[in-house]
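Enquirer: My structure is below; once you've seen it, I'll send some questions.
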Protein chains: 2
Amino acid sequence: MTSVTSKAALGLDFGTLSVRALLVRLDGVELAEKTVEYPHGQILDQLPGTGESLPPDFALQHPQDWLESAALATRSALQQAEIAPEEVVGIGVDFTSCSMLPAKSDGTPLCLVPEFAGEKYAWPKLWKHHAAKSQTDRINEVARERSEDWLRRYGGVIGLEWFFPKVLETLQNAKSAYDATEVWLEAGDWLVWQLVGGEADSLPRSTCQAGYKAMWNAESDYPSPEYFAAVDPEFENVLDKMPGRMCAPGTCAGELTAEQADRLGLPAGIPVSAAIIDAHAAVPGVGAADAEALVMVMGTSSCHMLNAKQEKFVPGVAGIVKDGILPGFYGYETGQAAVGDAFDWIRRLVGHRDYQNLAEKSRALPPGAEGVACMDWFNGCRTPLMDGHLTGQFTGLTLNHGPEHLYRAAMEASAYGLRWIVDLLREHDVPVTRLIASGGLPHHNRDMVQIYANVLGETIEIHPSRQGPALGAAILGALAASDRTGFSSVQEAVEAMTSAAGTNILVEPEAEPTKQYIPLYQQYREEAERLSQK
Amino acid sequence: MTSVTSKAALGLDFGTLSVRALLVRLDGVELAEKTVEYPHGQILDQLPGTGESLPPDFALQHPQDWLESAALATRSALQQAEIAPEEVVGIGVDFTSCSMLPAKSDGTPLCLVPEFAGEKYAWPKLWKHHAAKSQTDRINEVARERSEDWLRRYGGVIGLEWFFPKVLETLQNAKSAYDATEVWLEAGDWLVWQLVGGEADSLPRSTCQAGYKAMWNAESDYPSPEYFAAVDPEFENVLDKMPGRMCAPGTCAGELTAEQADRLGLPAGIPVSAAIIDAHAAVPGVGAADAEALVMVMGTSSCHMLNAKQEKFVPGVAGIVKDGILPGFYGYETGQAAVGDAFDWIRRLVGHRDYQNLAEKSRALPPGAEGVACMDWFNGCRTPLMDGHLTGQFTGLTLNHGPEHLYRAAMEASAYGLRWIVDLLREHDVPVTRLIASGGLPHHNRDMVQIYANVLGETIEIHPSRQGPALGAAILGALAASDRTGFSSVQEAVEAMTSAAGTNILVEPEAEPTKQYIPLYQQYREEAERLSQK
């Protein structure tokens, strides 16, 4: 053991419902982990304060929740780890994306300005906020009309959940809120800005979030003001409301301010990495420093990340960003819009308090759920159709079916959706040779992983740590503090800090179900094809 | 008041889960009603005695339940009515159909012969027993090949739930049970045979049940032995196992035996009417003695009965039988295979103990259930597709939908299904000028009736008595005892005995929802068309 082993990095992993603080020693030993739920959770039904009913496709968050829950989680993790705060030498932040908000130039979220507290369009929009449908259509339409070159990096379609549709939605529905906004930014960037302080003009923006969610590219920058003007004349100035400097994850965005240090229970001056999208953080977090490993981060939704040596334009792949995940590779982002969320929705729909009964009964069912088929587009379809308007369904229902059939069919649909993505990548000569499942879901729901293995007919590896993204964030924090940690490359940091996690759990495909799933997957693909053409 | 008002008739209404005994004075005043559930209910999961797991499309009943529950219900109704048993002058019986069983020539159900108690194919099959799929296909295929003339009276298709498919199923799956059977018969006929006694050769068979469920016709009798032999060589002798004499409902099948009189708590010798199908009994029961009134009997499934002055062959109409419902008319039978059953399945699927919460929340939803659409073929489609293989579905689902959306969409689908039937009849020049809802469901579920009215854009009348079929049975019992009651025609009996029930409750269509349902109904029809061609 060298002296680095007394030092630790803090990973702050901001999910949909909670933030997780993970303290990891530089040799990879996890010292402590604490998850704290956001007091307001997802804001889906009523606007806080006014009680206004929100439209069904709204999903907001409260910005104070992020800071307060992170402080609680960090203080609690420090206590649990029994280390001196001074041993924490770097901080990394990953965040759901595109979760974003309008702010004033001093960093105050617009929704906390009393005048706008009652304006729902002034609140932070969670990644799954789906109300910008018409704006997404317009943004795509104009991009196609103008043959915008950046479009092909996004599989030819901009998603409903991305940055500019959400900005345009506020412009078109609440002009005064848009006008009062001085800074539009990702929630992850806002969080890092809060930690390191400084003027709006130099606020650190993540190249990862900008590259995947805001059509930004190191060579061509954001789309042009002409493009934005063509979308909506009043949208021409949107880039004026996006001050800051671009920072790659793993580079130092700044140092922890005294005020935030006090809040977190840490010394001031700790280097903080630029933010990374939560799913993307899992790639270093599970130790996948090479190309060809699909890292599947499974939670409420799933993001499937892949590094490749070549850039291939794959229709329907949400983002292909150079150095977007790890330096030296083209990062491919794909995803499924409702996974844990879908299972949880079904569990609530059928009035069960937990999964025990559903899991036991669905496990006993044969492949194909005795005729019940599901299309799991309950939150739209991300990859490859990139269409938030699409909806889910259950077919083949009879009076003899029960809740377990819905649950089983939904897990199968989720597996078909993954296989579709893998097939698509391979059909476009993007190699996928390993499948690594990460996040909490694969640990809680081993049945689902077995179904995935059977539907794909391939081994699924489950990363033993449940802290994939949080560990990735900590690794990037350690890298941002290279002068304190001595790490000089991502590969070096990944290798050192993931070695202690243990070997991956292998879930092998079973011969008979694998065979039975072949025609069932075909049926899913045919139904998906039919529905996408409606 | 004349002296007839001291006399009463007993209607025994055998439903899917229970039997109802209704005592009605000859002037229509309901004296007492008592419902008693069958101890074994529907036998869906396990064969009594052996505990053998039943296939999912099995639905059996226990023959002792019928007699025992009827005795309890009758005795209890007599007590409640506070009349002397001697004042009961006629008995009518209606029964679900086609519920049927194999028996010995002394009337013993085959499943009560010890040797066959453990043979599931020896048990009475409930109307909704759906295991005779391949037999139904074969029966239809041979009928079409041979261009059997009787086929067009059934819309060109024999249903999965009918008599001969269920017999053939036993022949092909349990030859020894088939061989040991001396009498195949409808459960309603078996019940009447038990009440009146006598030899198998003269057992009273209902022309209504035979006409609608066993391809029988007064002019052409049953299909020929040549036809049955073409279906399966060993099926040639099936008519040898169907002894008896044909009796129209409302004619006297015989007189109550001393043994059964003792059981029911009535004097021996009371005339008993031939059985009638439960749904068909509702037509006289709701006072519809004229043509052009669609009488909708809504319960677990719905049967929609119509009398017309002319015979039109309507594709998909399950049965057109001369004098099949009331003398002097052509009786049209149509139906929906899962109505109350479907709602109840949904209620259980979503884990609710009662309908209160579902009803309240679904009532607040706009037409179209916020994008959720249902195809209510959870028990196949009866009219007009006559296909028990078809299945149900929910489409348009998102994470924002709840149980109330499923329930609302299912009620709407049920209404679309009814409108389809009404449209079809009118398109084939069969007039429908009144819609009369009967059965328990329209009283329990007024929301559903309102949705029906809105989808059809027409007034729905709800018959005030909840005893439609039971009252119809009692009327037919009074008619069978014409020498004691003085009734000389069905019309006379219907008029006398339904006058006391009060006026129908009118549920009027609402303008705005009616308009909104027009395109939604179109979508349902298009989806039904697509699914039926898969």
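Computed from the coordinates by the stated procedures, all read-outs in this text should not be read as laboratory data. Owing to the predicted nature of the structure, the values given are computational and were not obtained by experimental measurement. Neighbour counts run over all protein chains shown; Cβ positions are idealised from the backbone, glycine included.
Enquirer: Going by amide H atoms built from the backbone, whose H comes under 5 Å of the H on A:Val93, apart from near neighbours?
Expert: Here A:Leu12, A:Ser273, A:Ile276 satisfy the definition.
Enquirer: Quick one: grab Rg to one decimal and Dmax as a whole number for the range B:360-465, Cα atoms only, in Å.
Expert: 14.6, 45
Enquirer: What is the range B:495-534 by shape, rounded, prolate or oblate, if you read a ≥ b ≥ c off the alpha carbon gyration tensor as root eigenvalues and call it rounded for a/c under 1.5, prolate for a/b larger than b/c, and oblate otherwise? Mind dumping the intermediate values first?
Expert: Numbers: a/c = 8.47, a/b = 1.99, b/c = 4.25.
Judged from the Cα gyration tensor, the range B:495-534 comes out oblate (a/c at least 1.5, b/c at or above a/b).
Enquirer: Can you give the translational diffusion coefficient of the range B:98-237 in µm²/s, computed by Stokes-Einstein from the Kirkwood radius over Cα pairs at 20 °C and 1.002 mPa s?
Expert: Values: Rh = 15.3 Å.
My calculation gives 140 µm²/s for D.
Enquirer: To continue, here is another question. For A:Ala511 and A:Arg446, FRET efficiency with R0 = 25 Å and r from the beta-carbon atoms, rounded to 0.05? Walk me through the numbers on the way to the answer.
Expert: On the way: r = 19 Å, r/R0 = 0.75.
For R0 = 25 Å, the calculated efficiency reads 0.85.
Enquirer: Related question: How high is the relative contact order of chain A? Use alpha-carbon pairs under 8 Å, at least six apart in sequence, and give a whole percent.
Expert: On the way: 1233 pairs, mean separation 91.1, N = 534.
Relative contact order of chain A: 17 percent.
Enquirer: Related question: Just the number, please: Stokes-Einstein D of the range A:4-277 in µm²/s, Kirkwood Rh from C-alpha pairs, 4 °C, 1.567 mPa s. Show your work: numbers first, answer last.
Expert: On the way: Rh = 19.1 Å.
Reported coefficient: 68 µm²/s.
Enquirer: Now, a different point. If we count other beta carbons within 10 Å of each Cβ, what is the order of A:Ile277, A:Ile83, fewest first?
Expert: Numbers: A:Ile277 31, A:Ile83 18.
The fewest-first ordering by Cβ neighbours comes to A:Ile83, A:Ile277.
Enquirer: Next up: Using DSSP to define loop residues, name the chymotrypsin sites (Phe, Trp or Tyr not before Pro) in the range B:447-523 whose beta-carbon has at most 16 other beta-carbon atoms within 10 Å. Please list the in-between numbers first.
Expert: Numbers: sites: B:Tyr452, B:Phe487, B:Tyr517, B:Tyr521; in loops: B:Phe487.
Answer in residue order: no site qualifies.
Enquirer: Give me B:Lys312, B:Lys7, B:Lys128 sorted ascending by neighbouring Cβ count inside 10 Å, so fewest comes first. Display every interim value, and only then the final one.
Expert: Values: B:Lys312 13, B:Lys7 20, B:Lys128 25.
Final ranking by Cβ density, sparse to dense: B:Lys312, B:Lys7, B:Lys128.
Enquirer: Moving on to the next point. Specify the longest stretch of chain A that does not include any exposed loop site, a site being one of the GluC sites (Glu not before Pro) with a non-H, G, I, E, B DSSP assignment and at most 11 other Cβ atoms within 10 Å.
Expert: Values: sites that count: A:Glu82, A:Glu219.
Maximal segment without exposed cleavage sites: A:220-534.
Enquirer: If you rank B:His304, B:His352, B:His428, A:His405 by fewest surrounding Cβ atoms within 10 Å, what's the result? Intermediate values should be presented prior to the final figure.
Expert: Values: B:His304 28, B:His352 18, B:His428 14, A:His405 24.
Ascending number of Cβ neighbours within 10 Å: B:His428, B:His352, A:His405, B:His304.
Enquirer: Let me ask something additional. Mind checking the dipole of chain A: about its Cα centre, +1 per Lys or Arg Cβ, -1 per Asp or Glu Cβ, Debye to the nearest 20? Don't jump to the answer; show the numbers that get you there.
Expert: Values: 42 positive and 70 negative charges, 169 e Å.
Computed about the Cα centre, the dipole is about 820 debye.
Enquirer: Can you bin every Cα-Cα distance in the range A:5-104 into 10 Å intervals starting at zero and give me the percent of pairs per bin, rounded to whole numbers?
Expert: Computed distribution, short to long bins: 15, 40, 26, 13, 5, 0.
Enquirer: I'd like the distance between the alpha-carbon centres of the range B:49-64 and the range A:299-333, rounded to an integer number of Å.
Expert: Going from one Cα centre to the other spans 56 Å.
Enquirer: Compute the length gained on full extension between B:Thr459 and B:Asp429: take 0.36 nm times their separation in residues and subtract their Cα-Cα distance, giving the result in nm to one decimal.
Expert: Working: separation 30, 0.36 × 30 = 10.80 nm, distance 2.04 nm.
Separation in residues times 0.36 nm, less the Cα-Cα distance, equals 8.8 nm.
Enquirer: Relative contact order for the range B:304-363 using alpha-carbon pairs under 8 Å, separation at least 6, rounded to a whole percent? Don't skip to the end; give the middle numbers.
Expert: Values: 60 pairs, mean separation 16.2, N = 60.
Averaging sequence separation for qualifying contacts and normalising by length gives 27 percent for the range B:304-363.
Enquirer: Taking a label point 7 Å from the Cα of A:Arg144 along the Cα→Cβ vector, which residues of the range A:309-341 have an amide N closer than 16 Å to it?
Expert: Answer for this model: A:315-317.
Enquirer: What would the Debye equation give as log₁₀ I(q)/I(0) for chain B at q = 0.07, 0.08 Å⁻¹, counting only Cα atoms as equal point scatterers?
Expert: Taken in order of the listed q values, log10 I(q)/I(0) reads -0.36, -0.48.
Enquirer: Distance between Cα centroids, the range B:28-48 to the range A:253-291: provide it in whole Å.
Expert: One Cα centre to the other: 68 Å.
Enquirer: Turning to a different aspect of this structure: Kindly work out what percent of the DSSP beta bridges joining two residues of chain A are antiparallel, to the nearest 5. Can you show the working numbers first?
Expert: Values: 48 of 70 bridges.
Once the DSSP bridges in chain A are tallied, antiparallel ones form about 70 percent.
Enquirer: May I ask you to list the trypsin sites (Lys or Arg not before Pro) in the range B:341-434 that are in a DSSP loop and have at most 12 other Cβ atoms within 10 Å of their Cβ? Don't skip to the answer; put the middle values down first.
Expert: Values: sites: B:Arg347, B:Arg348, B:Arg353, B:Lys361, B:Arg363, B:Arg382, B:Arg408, B:Arg419, B:Arg426, B:Arg434; in loops: B:Arg353, B:Arg382.
Passing both the DSSP loop test and the Cβ count: B:Arg353.
Enquirer: What is the distance in Å between the Cα centres of the range A:363-427 and the range A:470-534?
Expert: 21 Å
Enquirer: Out of all Cα-Cα pairs in the protein assembly as shown, roughly what percent, to the nearest whole number, are more than 61 Å apart?
Expert: Working: 146117 of 569778 pairs.
Value for the protein assembly as shown (Cα pairs over 61 Å): 26 percent.
Enquirer: Here's a follow-up. Between A and B, which A residue has the Cβ nearest their rotation axis, distance in Å?
Expert: A:Gly351, 1
Enquirer: Taking 8 Å as the Cα distance limit and 6 or more residues as the minimum spacing, I'd like the relative contact order of the range A:348-475 as a percentage. Before the final figure, lay out the partial values.
Expert: Details: 139 pairs, mean separation 26.9, N = 128.
Once normalised by length, the contact order is 21 percent.
Enquirer: Taking every DSSP beta bridge with both residues inside the range B:4-277, roughly what % is antiparallel (nearest 5)? Display every interim value, and only then the final one.
Expert: Details: 26 of 40 bridges.
In the range B:4-277, approximately 65 percent of DSSP beta bridges are antiparallel ones.
Enquirer: Can I ask one more? What is the sum of charges around A:Thr498, taking Lys and Arg as +1, Asp and Glu as -1, for the other residues whose C-beta is under 14 Å from the C-beta of A:Thr498?
Expert: Values: positive: A:Arg25, A:Arg466; negative: A:Asp27, A:Glu30, A:Asp290, A:Glu461, A:Glu492, A:Glu495.
Combined, the nearby Lys, Arg, Asp and Glu give -4.
Enquirer: Sticking with this one: Nearest-5 percent of antiparallel DSSP beta bridges in the protein assembly as shown? Let's see the in-between values first.
Expert: Details: 101 of 145 bridges.
So the antiparallel bridges amount to about 70 percent of the total.
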